[in-house]
Amino acid sequence: MAERPEDLNLPNAVITRIIKEALPDGVNISKEARSAISRAASVFVLYATSCANNFAMKGKRKTLNAGDVLSAMEEMEFQRFVAPLKESLEVYRREQKGKKEARKDKDKKADSEEQDKSREEENDDDDERMEEEEQNDDEEVDN
Amino acid sequence: AARLSGGENRLVSLPLSRIRVIMKSSPEVSSINQDALFLTAKATELFVQYLATYSYKHGRGKEKNALTYSDLSHTAEECETFQFLADILPKKILASKYLKMLEKEKRDGEVGKGDEEDEEEEDEDETVGDAGS
């Protein structure tokens, strides 16, 4: 792995939560196990990136795209991830699209009461009116 | 970039910014499109879940209602899909056994490389270094 000043580790709290949610209730996870999984996750990212990059290069592209990552999953023998990933991607794209349109509206209206309403979960609203949007629903914590 | 906080109902919990840092540490990578970044983060979460549940299911830690390091290390060794982790999840052996191995190799005239292949398959309850399971 690259030795760089930047942190190549993933946040412990998040990793722990993901593990706990995956295992049956009450299972104890040793600190060593947690740390090992965290390292494994970082290695996974590197491996996936490298693999996806090969696909990008094959396609003579310099930018990794969604297809490259999905192809990488198959290549790495994680085909089981592909379907759920595709689903999540769709939701993500809808969210992003919503945010984009919200920003466009915001500019158009020049209405300053519109904050980050785009934080809300999959709202299938076409209108994206910001009237009564719950802005305190989601934590706006910056990572 | 999509900033995703730690709520449980979020689409993805791992911070995209951190995932991006790791991806960019790869020298051959120039740029990463937003969808690819998201997918990598999400895939990593799925991976964590899979590694944890697989190891728990196939390991001995569950006899004590726990997930242990040795469960993970066992997975890396036994399961082909996770073999890419073998180097970072090595099996652990008792310090005393390791020393014996080194001595034996020295006696046999070989360079003491300390290969963990020989007699390391003991009960991994006692481990070298950190407090084990």
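Some values worked out for this structure:
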item: Ranking by accessible area, most exposed first, for A:34, A:93, B:107 with a 1.4 Å probe; result: B:107, A:93, A:34
item: Residue-count net charge about residue B:19 - beta-carbon cut-off 11 Å; Lys, Arg +1, Asp, Glu -1; result: +3
item: Sequence of B:74, B:58 from largest to smallest accessible area, 1.4 Å probe; result: B:58, B:74
item: B/A buried area, accessible surface, summed, 1.4 Å probe, Å²; result: 6000 Å²
item: Rotationally averaged projected area of region B:16-108 (alpha carbon convex hull; nm²); result: 9.4 nm²
item: Rounded to the nearest 10 Å², the accessible area of residue B:84 at probe 1.4 Å; result: 50 Å²
item: Residue-count net charge about residue A:53 - beta-carbon cut-off 12 Å; Lys, Arg +1, Asp, Glu -1; result: +1
item: Neighbourhood charge, 15 Å Cβ-Cβ cut-off, centred on residue A:70 and excluding it, Lys, Arg +1 and Asp, Glu -1; result: -1
item: Calculated diffusion of region A:1-76, Stokes-Einstein form, Kirkwood radius summed over Cα pairs, 4 °C and 1.567 mPa s, µm²/s; result: 91 µm²/s
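The values are calculated or read from the model by the stated rules, or taken from the named source; none is laboratory data. Here the structure is a predicted model, which means the values were calculated and not measured. Positions of Cβ are backbone-derived with ideal geometry, glycine not excepted, and every protein chain shown enters the neighbour counts. Ligands, DNA and RNA are excluded from the accessible area calculation, which covers all protein heavy atoms including side chains. Shrake-Rupley method; radii C 1.70, N 1.55, O 1.52, S 1.80 Å.
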